[in-house]
Amino acid sequence: EIMRSDWSSDVCSSDLYFAPTEETDLNYYLDHERELYYVLLFDGQIVGCGGINFEDNKTTGKISWDILHPQYQGKSLGSQLLKYRIEKIKVIDSIQKITVRTSQLAYKFYEKQGFELNEVKEDYWAKGFDLYRMEYKGLD
């Protein structure tokens, strides 16, 4: 069973990075689609989380549902959580690519971490929340 933190609901229901309707999507993901999911602790408190999913016969690793408490952003914690998951994916022999689907609100973060923008779809997640489909370019 996944313990849901009050702040993750607050982040999803705020208009900072997620459309208000995405809280339902997150709960569905956690209950039905979660494959690997990690929580980030800082001083004994849960401050972030993020998942990994697979597709195409486990040749694609997908970075999923990154959430970081706003008070802990800008401290490299999100970068560390992302890098940890990328390293977990890279050691899987069948992996040929790593992808992430995000929005215009967070795609620059992924660009800084080595992801390249492949596609944009306006109003994909909700009105004003565009899909930015990206691929990691650091696979050797």
From the option list LYS97, LYS83, LYS75, single residue qualifying as among the basic types (Lys, Arg), modelled with pLDDT under 95 and out of contact with any helix residue (DSSP H, G or I) (no Cβ under 9 Å at 6 or more places or on another chain) is LYS75
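Results for (1) open to solvent by 70 Å² or more (accessible area, probe 1.4 Å); (2) within 18 Å of GLU55 (Cβ to Cβ); (3) of a type in the set (Ser, Thr, Tyr); (4) touching a strand residue (DSSP E or B) at 6+ places or on another chain (Cβ under 8 Å), shown as yes or no for each residue.
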{"position": "ILE92", "(1), (2), (3), (4)": "no, yes, no, yes"}
{"position": "GLN96", "(1), (2), (3), (4)": "yes, yes, no, yes"}
{"position": "GLN104", "(1), (2), (3), (4)": "no, no, no, yes"}
{"position": "GLU116", "(1), (2), (3), (4)": "yes, no, no, yes"}
{"position": "GLU122", "(1), (2), (3), (4)": "yes, no, no, yes"}
{"position": "ALA126", "(1), (2), (3), (4)": "no, no, no, no"}
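With respect to ILE46, determine if the residue is over 20 Å from GLU22 (Cβ atoms) and assigned to a strand (DSSP E or B).
On the way: over 20 Å from GLU22 (Cβ atoms): no; assigned to a strand (DSSP E or B): yes.
So ILE46 does not fit the description; no.
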Within the bounds of the range 29-46, is there any residue that is modelled with pLDDT of 95 or more and in contact with a strand residue (DSSP E or B) (Cβ under 8 Å, 6 or more places away or on another chain)? no
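The values are calculated or read from the model by the stated rules, or taken from the named source; none is laboratory data. What you see is a predicted model; the values in this text were computed from it and never measured. Using ideal geometry, Cβ is built from the backbone for each residue, glycine included, and neighbour counts are taken over all protein chains shown. Quick note on the areas: whole protein, heavy atoms, side chains included, nothing else; ligands and nucleic acids left out. Shrake-Rupley method; radii C 1.70, N 1.55, O 1.52, S 1.80 Å.
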